[in-house]
Ligand SMILES: *Cc1c(COP(=O)(O)O)cnc(C)c1O
């Protein structure tokens, strides 16, 4: 059996090696390392795939979120609502820009932002909401967009884990993750569903004015060379990464299917086990399983993890500490107990190996050992 990894980038590379190598070689031969052909090609192909008017390639997903916020002309002290159960980058950029992150709790079933909690957190200072489509399924965007419209708030989707997921609105429209709000952000970090071989990210929008502005911000606030109309940053997707991504994009739907097949295998295997809650997929979204995250009930999680580790199966805790309990984000407004669902999730989640190259032998081995681990770890 192949070695089990959380993410197996090597096997995936082996399956597309000739195309990737040729793409990279082309960049080396043409020496257009920054901007130029490959970046433009990939941008156009991703715009077509997503059905969105503008894709703005940037240096990474964190920069994408920062540039999106910079484009909204917010003032220090303006409030931005984000979930407390997410990767740190979502709130980090809010804090870095001198804005005030306002944290809210999430839904136990989907791990995604709780709409009633968002509504309660809105104040006259609230300017934007940043929902995160965590682990690969979309947040409840129908309700969130309605709420944002009612209060005239900006919506920036953190789609770093959900590229390729679809959301179906009540009127039947099927829209790609990251393309529902005003602005969407994604990451091409190697382990993401569409990953490059270094850092990369992109911003999505259908708004021409915002697109132009964000493109300028990502390039030192400059539209005409050496004329700087606004304060910007230097954040670019380089051509070698774009070459890799342009080879991988046509495979993305097949990669998603492979993840969904693996998730289905796990779901079936764990269906009869009262100690394991398998991922819940909400009715109006597809799930692209960036992570396959179990909730453990009545078992010692550390014991389960150790048992798996002893059998060469990695498993990870995403995320062990919600943002309101992180040292760097300590704030008089928040204390332990304020967001009970996020705190409960942090204590019970366990993510299993999930990638595009898992075979049945590996899946069977993992599932059997998870069930065995549960048996010896009951409390
Ligand atoms: C990965 C990720 C980011 C940041 O992306 P980078 O490319 O690593 O900067 C932001 N938000 C979420 C939810 C992520 O998973």
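For the reader, a short list of remarks on this structure follows.
- Cβ crowding within 10 Å ranks 84, 126 as 126, 84, fewest other Cβ atoms first.
- Over 25 Å [Cα-Cα, the chain], rounded percent: 56 percent
- When you restrict to C-alpha pairs under 8 Å that are six or more residues apart and normalise by the size of segment 283-379, the relative contact order lands at 47 percent.
- Kirkwood Rh (inverse of mean 1/r, distinct Cα pairs), segment 5-92, angstrom: 16.7 Å
- The chain: most fluctuating residue of 131, 190, 353 per GNM, C-alpha cutoff 10 Å: 190
- FRET E, pair residue 21, residue 379, Förster distance 56 Å, beta-carbon r, rounded to 0.05: 0.65
- FRET efficiency estimate (nearest 0.05) - Cβ-Cβ, residue 120 to residue 321, R0 22 angstrom: 0.40
- Counting every alpha-carbon pair across segment 183-236, the share separated by more than 18 Å comes to 42%.
- Between residue 280 and residue 224, the FRET efficiency estimated from the beta carbon spacing at R0 = 45 angstrom works out to 0.35.
- Comparing 284, 193, 311 in a Gaussian network model of the chain (Cα springs below 10 Å), the most mobile by mean-square fluctuation is 311.
- Antiparallel bridge percentage (DSSP; both residues within segment 62-130; nearest 5): 10 percent
- Radius, Kirkwood style, for segment 153-291 when every pair of distinct Cα atoms is counted (Å): 17.2 Å
- Counting neighbouring beta carbons within 10 Å and listing from fewest to most, the residues 339, 204 come out as 339, 204.
- Segment 95-196: Cα Rg divided by the 2.2 N^0.38 Å rule of thumb: 1.07
- Pairwise centroid distance, computed over Cα atoms, of segment 234-268 with segment 79-133, Å: 27 Å
- Put simply, when 89-100, 14-25 are sorted by average Cβ atoms within 10 angstrom per residue, most first, you get 89-100, 14-25.
- Bins of 10 Å, starting at 0 and running to the largest distance - Cα pair percent for segment 1-48: 21, 35, 31, 12, 1
- Based on every Cα atom in segment 251-376, Rg and the maximum pairwise Cα distance Dmax equal 16.0, 50 Å.
- Computed Kirkwood radius, in angstrom, where 1/r is averaged over Cα pairs of segment 46-102: 12.5 Å
- Between segment 134-154 and segment 303-379, the alpha-carbon center distance in angstrom: 27 Å
Quick note: the coordinates plus some simple rules give every number you see, no bench work behind them. Keep in mind the model is a prediction, meaning the values are calculated, not measured. As a convention, Cβ positions derive from the backbone with ideal geometry for all residues, glycine included, and neighbour counts pool all protein chains shown.
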